[in-house]
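This report concerns only the one structure given below.
The values are calculated or read from the model by the stated rules, or taken from the named source; none is laboratory data. What you see is a predicted model, and the numbers here were worked out from it, not measured in a lab. Cβ: placed from backbone, ideal geometry, glycine included. Neighbour counts: every protein chain shown.
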């Protein structure tokens, strides 16, 4: 195991808070696909009342439970989507 020094502490500074990593935005092949995603994303957010289903805080990210690359047929399936806050979404992709 490699020792990694705490640089901010060595310099007498407070460490920065970690930034939550979010998923890459979905790239759509067409405007029709983008419109379809916008509609199903809105449905997922409304179904979950804009609440993160992991921690209960307000959430605005929509996460695919099964990866789009592994289940392309479920890309627009509402049952495969869940609302998450930015922090929880970053943790899912970490």
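Here are a few things to note about the model shown:
- Filter result for residue 29 (outside any loop (DSSP other than H, G, I, E, B), modelled with pLDDT of 65 or more and within 25 Å of residue 79 (Cβ to Cβ)): no
- In the set (1) in contact with a strand residue (DSSP E or B) (Cβ under 9 Å, 6 or more places away or on another chain); (2) over 18 Å from residue 27 (Cβ atoms); (3) loosely packed, with under 15 Cβ neighbours inside 10 Å, the condition left unmet by residue 84 is number (3).
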